[in-house]
């Protein structure tokens, strides 16, 4: 798990792009089997779903980055002699 976490930490944009692409693919596959929409509407809906997923992931990444940075500064403050 730590190896995956470190890879994602080093390749943030690649991870988000891959998640976006997989979100589009999953949404297209789901709407193809469940609704009789035209292909152009399916693509629009897939893009909206993927954007919502990307925003959720970016929000999670921002929260993770905030807490990671906060923990590093707390550890540095505790480690420094007074």
Enumerated helices (runs of 4 or more DSSP H) restricted to the chain, each holding at least 2 residues that are out of contact with any strand residue (DSSP E or B) (no Cβ under 6 Å at 6 or more places or on another chain) and touching a residue at least 40 places away in the same chain (Cβ under 8 Å): 12-34, 39-79
Extreme residue, surrounded by the fewest Cβ atoms within 10 Å (Cβ to Cβ), among residues of the stretch 18-34 that are more than 28 Å from residue 8 (Cα to Cα) and touching a helix residue (DSSP H, G or I) at 6+ places or on another chain (Cβ under 8 Å): 32
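Each reported figure results from applying straightforward, stated rules to the coordinates on display, with no laboratory input. Just so it is clear, the model here is predicted, and its values are computed rather than measured. Backbone-built Cβ (ideal geometry, glycine too); neighbour counts: all protein chains shown.
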